[in-house]
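In what follows, a single structure is set out as structure tokens and then discussed.
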Amino acid sequence: MYHRVVSEQDKSHCHSHDGIIVSKTAFEKQMRFLKNHFNVLSLNEFIDRIEGRKAFGYKSCLVTFDDGWYDNFQNAYPLLKEIGIPAVIFITTDFVGTGKLFWQERITGLLCRLYDASKSDRDFTSCFLREFPDKEIEQILMSVRGNLRGVIYQYISILKKKSKEEIEIIIQRLSELTGKSGNGDSTKESFMNWDEIKVMAGNGISFGSHGKSHAILTRLGKSEVEKEALESKALIERMLGTPVLSFSYPNGDYSEEVTEIVRHSGYRAAFSTESGTHSADDHPYRIWRINIHEDMTDNVPMFMARIVGLW
């Protein structure tokens, strides 16, 4: 399971969590290793084995991406095409081609700007906190630079427990005080558009749904989950002209009711973020994956240890 593949020069400017980032250099090493030592399946081959209850065979794997970031097109796709590796990308349809970011990246960008402003102006922090008295944000502004990302990630973990409306109020207030929207300042920090997706779809890359809005489905009512599953599927099928076979649960969260809605929506398989391998006898709507990110897999031995479950 991948999310983002970024160049070395873009890595320091990326506002996503380190746990979903792989450098382009490391990704190339990983893909060449898979090509030489594994049987890399297409999504159709993977699903056919699940539905037919056929053994996957020795050293089989499937390469997946969540979200649909632009760097999947810019950095991952050329390497996948060159090396000859199929993959599936789960896209969040409300974000395709819009320039909008997920709230996690928006708030990280805003807080990084606030931090920089606080370090260049001694009076900024006290003035800001009078307008926005928040203990967690005060802790962020008072932290040392080396700990900044970690403290922001802790704050985001707290925010995940809040409602979408509460989070948007915080982002709106931060935007007003910084004069920034929190959305990407460049194409690189955004999601793919339909033209880019169509190019990839014609060259060995499959596409599945990651919902419409990236909402955590276990927090929604039945009708809202149905909307997320059905409308995203219909749009992708309309834009690409091919059936959408698979779904990836946003944030990896699912329940018995959510899996049944996804199944009844016409998907033939659904993927979680739970760590582990999958056999043809396992539940087709609760597929486990192994998350790959730079810190744990920046060389081939570590990558190998990670994918066989030793790390």
P(r) of the stretch 103-178 over all Cα-Cα pairs, 5 Å bins starting at 0, rounded to whole percent, reads 3, 16, 30, 29, 16, 5, 1
About its Cα centre, what dipole magnitude does the stretch 1-104 give when the only charges are +1 on Lys and Arg Cβ and -1 on Asp and Glu Cβ, stated in debye to the nearest 20? 380
What percentage of all Cα-Cα pairs in the chain are separated by more than 38 Å? 15
Normalised by the number of residues in the chain, what is the relative contact order in percent for Cα pairs under 8 Å and 6+ residues apart? 23
When each pair of different Cα atoms in the stretch 4-73 is counted once in the 1/r mean, what is the Kirkwood radius in angstroms, to one decimal? 14.0
Computed over the stretch 208-289, the ratio Rg/Rh where both radii use C-alpha atoms and Rh is Kirkwood: 0.95
Once Rh is set to the Kirkwood radius over Cα pairs, what Stokes-Einstein translational diffusion coefficient, in µm²/s, holds for the stretch 159-311 at a temperature of 25 °C and a viscosity of 0.890 mPa s? 136
The computed P(r) of the stretch 137-218 puts the percent of Cα pairs beyond 17 Å at 69
Just the number, please: percent antiparallel of the DSSP beta bridges in the chain, rounded to the nearest 5. 5
From the cross-link list Lys35/Lys59; Lys180/Lys212; Lys100/Lys164, the entries with a Cα-Cα span beyond 18 Å are Lys180/Lys212
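Read-outs throughout are calculated quantities, based only on the coordinates presented, and are distinct from any laboratory measurement. Keep in mind that what you see is a predicted model, and the values were worked out from it rather than measured. Quick reminder, even Gly has a Cβ in these numbers, built from the backbone with ideal geometry, and neighbours come from all protein chains shown.
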